[in-house]
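**Q** If you scroll down you'll find the structure; I have some questions about it.
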Amino acid sequence: MTLSNSIRKGRDAFNKQSWAKAYLHFKAEDLDQAQDLEDFAKAAYLTGKRSESNDLWARAHQEYFNDKNIPKAVYCAFWLGMNLLSQGETAQGSGWMARANRLAKECTECPEHGLLLVPQALQKMREGNGEEAFKLFSRAFELGQRYNNQDLMALGRLGRGQALILQKQVTEGTTLFDETMVAVLSEEISPIVAGIVYCAVIETCQKIYDLQRAREWTTALSQWCDDHSELIPFRGQCLVRRAEILQLNGEWANAIHEVQKACKLLSEPPGETATGEAYYRQGEIFRLQGRLSEALEMFRIASKWGRNPQPGLALLRLMQGQFDTARAAIQQLENEKKDPIARSRILPAYVEIMLLVSEQTKAQKATDELMEIASRMHADYLLAVALYTKGNTLLHSDETNPALECLKESWQLFNQTKAVYESARARILLGQAYHRLGDDDSAELEFNAAGNVLKNLGAVPDIERLNLLTGHSYSNNHKLTPRELDVLQLLATGKTNKEIASQLFISQRTVDRHVSNIFAKLNISSRSAATAFAHKHQLL
């Protein structure tokens, strides 16, 4: 049979990983060869034409079946099923997986049997059964080794790493990730599997707070996407991960730029599951900048895409002074989350909210739990978060000296992990601790260092809070003197003017004057309004 020029060019372009050219050349012909249809399906997928790719996978499957090449028919049915499931087409995806499994029973052992173990193992992971998932991924890996199938070996090794991490064997799991990534970087595996591995490794590393690996592999994924400019499916997820790292590094403007590109790319029909995460990330940065109406809109869109907008939305409500709403939302989330890693992501917000609504006992219990999780995970960033949370809780209990020690260690760890915003927040609490101990020089140094960082970030709510704490002009807002701040903090805890005078060793008349000045500067007229202001700006 004589090959047409378009088919020949399509095959050549596909082998050179020029997927857009391959797609155009294949599309120009009425293909009838199963291998060409398979390559056409891959080219369509890699250039973002997912619906067309699904049709082509189905055609390739049928041609292989007609040719009695059952292993390849299973292969096409598997990838079609995986694609449909990832798009939320559960019924169709499950149907194709069932067909693949039925056909696989008709042929002798082959690599495709290993591929079919992957969705079974993933289901075990979702059920929290890491031990059984590890066994299934190990069988898949062994079949990959037996048939020298690099894709199957990569998926099996990746899954084994994830299953070990689920069983809290983090060091062993990340070692397998590193080995898997070597195969990706050496281009031993196909682009579709390479993209899956990149995204899964980075997502898991961020989930377990392994920021060094997350940064390293995000950089590698960015380079891979840049080297393959025609690549579409993984580019959106890459942008989301890159935005997360940029946010952590304190490059908020660049992070917003990247995540906005991700939102546009991921939300194009038929849409991807990472879309909700992209909108949530944008909402979080807006919230930290004080752009609350924009943040609220991003959280709402994230919810439409299936991403729970918590704890960001609860923290937003807290910033708006809607304390009951914030407490109810974070309490519900805390009740739902059972997995320690998942709980580690919501407990800091839970403690922050509980402290500001005077639920000290609940805050203390959650702080202890977070410290315990951090001690087991051996992740510097999580330990920094836990120590910050503990320091904040101790400050609210007037245990200033132990709070100071926690906050010093927290700041050092945030600094080491290059967490710019979090480091600045730790310095604010350090300043408060020093001030309570009468060391105003050290307090001023901490406040000034934090203020410079927050100003560069554009973290308006934190700048406003710092202005109130210091009376300095990091931005143009109300200024309370240090003594007025002391009075406001005690007033907000429910103390009378007489009790405040006794605690500060000043006359009640002086306290009366300070309260009047506070009301005038804050443009309020009642103690309840002053209390609400202190809670809203986290001055307690």
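**Q** Quick one: Val240 ticks every box in (1) closer than 23 Å to Lys418 by Cβ; (2) in contact with a Phe, Trp or Tyr (Cβ under 9 Å, 6 or more places away or on another chain); (3) touching a residue at least 40 places away in the same chain (Cβ under 8 Å); (4) among the hydrophobic types (A, V, I, L, M, F, W, C) except a single one, so which number is it?
**A** (2)
**Q** Would you mind telling me which numbered condition in (1) within 25 Å of Phe447 (Cβ to Cβ); (2) modelled with pLDDT under 85; (3) in contact with a helix residue (DSSP H, G or I) (Cβ under 7 Å, 6 or more places away or on another chain) Ser507 fails?
**A** The number of the failed condition is (1).
**Q** Related question: Pairs under 7 Å by beta carbon, first residue within 16 Å of Gln331 (Cα to Cα) in segment 360-383, partner part of a helix (DSSP H, G or I) and of a type in the set (Val, Ile, Thr), six or more apart or different chains?
**A** Ala363/Val351; Ala363/Thr393; Gln364/Thr393; Ala366/Val351; Thr367/Val351; Thr367/Thr389; Thr367/Thr393; Leu370/Thr389
**Q** Right, here's the next one. If we scan segment 128-139, do we find a residue that is over 12 Å from Arg160 (Cβ atoms), without any contact (Cβ under 8 Å) to a residue 40 or more places away in the chain and out of contact with any helix residue (DSSP H, G or I) (no Cβ under 6 Å at 6 or more places or on another chain)?
**A** Within segment 128-139, one or more residues are over 12 Å from Arg160 (Cβ atoms), without any contact (Cβ under 8 Å) to a residue 40 or more places away in the chain and out of contact with any helix residue (DSSP H, G or I) (no Cβ under 6 Å at 6 or more places or on another chain).
**Q** Could I ask something else about it? Return the only residue of Leu356, Leu395, Leu413 being crowded, with 21+ Cβ neighbours inside 10 Å and either over 24 Å from Gln322 (Cβ atoms) or in the same structural domain as Leu248 (by TED's automatic domain parsing) (or both).
**A** Leu413
**Q** From the set of residues in segment 246-290 that are β-branched (Val, Ile, Thr) and surrounded by fewer than 22 Cβ atoms within 10 Å (Cβ to Cβ), which is modelled with the lowest pLDDT?
**A** Only one residue fits best here, namely Thr273.
**Q** What are the residue pairs meeting all of these: first residue in segment 328-341, first residue over 14 Å from Leu315 (Cβ atoms), second residue not β-branched (Val, Ile, Thr), Cβ atoms under 7 Å, and 6 or more apart or on different chains?
**A** As it stands, the answer is Lys337/Arg343; Ile341/Lys207, since those pairs meet every condition given.
**Q** Working only within segment 39-74, note down all residues that are farther than 22 Å from Pro269 by Cα and either surrounded by 23 or more Cβ atoms within 10 Å (Cβ to Cβ) or in contact (Cβ under 8 Å) with a residue 60 or more places away in the chain (or both).
**A** Result: Asp39, Ala60, His61, Tyr64, Ala73, Val74.
**Q** Please state which of the following conditions Leu488 fails to meet, knowing it meets all the rest: (1) within 21 Å of Glu352 (Cβ to Cβ); (2) over 32 Å from the mean Cα position of the chain (by Cα); (3) at pLDDT below 85.
**A** Evaluating Leu488 over (1) within 21 Å of Glu352 (Cβ to Cβ); (2) over 32 Å from the mean Cα position of the chain (by Cα); (3) at pLDDT below 85 leaves (3) as the failure.
**Q** Hey, can you tell me all the residues within segment 187-225 that are among the aromatic types (Phe, Trp, Tyr) and either farther than 20 Å from Val118 by Cβ or in contact with a Lys or Arg (Cβ under 8 Å, 6 or more places away or on another chain) (or both)? Write out each step before concluding.
**A** From segment 187-225, those among the aromatic types (Phe, Trp, Tyr) are 198, 209, 217, 224; that's our starting set.
Result: Tyr209, Trp217, Trp224.
**Q** Please pick out the residue among Lys390, Lys455 that is buried (at least 24 other Cβ atoms within 10 Å of the Cβ), without any contact (Cβ under 8 Å) to a residue 24 or more places away in the chain and of a type in the set (D, E, K, R).
**A** It is Lys390.
**Q** Please specify each residue of segment 267-314 satisfying the condition of being of a type in the set (Asp, Glu) and closer than 21 Å to Met82 by Cα.
**A** Correct list: Glu268, Glu272, Glu277.
**Q** Quick test of your reading of the structure: Thr171 fulfils all but one of (1) among the hydroxyl-bearing types (Ser, Thr, Tyr); (2) out of contact with any helix residue (DSSP H, G or I) (no Cβ under 7 Å at 6 or more places or on another chain); (3) buried (at least 18 other Cβ atoms within 10 Å of the Cβ). Name the failing condition by number.
**A** Failing condition for Thr171: (3).
**Q** Tell me, which helices (runs of 4 or more DSSP H) lie completely within segment 75-180 with 2 or more residues that are of a type in the set (Gly, Ala, Ser) and over 28 Å from the mean Cα position of the chain (by Cα)?
**A** The qualifying helices (runs of 4 or more DSSP H) are 90-104, 130-146.
**Q** Which ones in segment 1-45 are charged (D, E, K, R) and not in a helix (DSSP H, G or I)?
**A** Lys16, Glu29, Asp30, Asp32
The values are calculated or read from the model by the stated rules, or taken from the named source; none is laboratory data. Every value quoted in this text rests on a predicted model; they were computed, and no experiment measured them. Backbone-built Cβ (ideal geometry, glycine too); neighbour counts: all protein chains shown.
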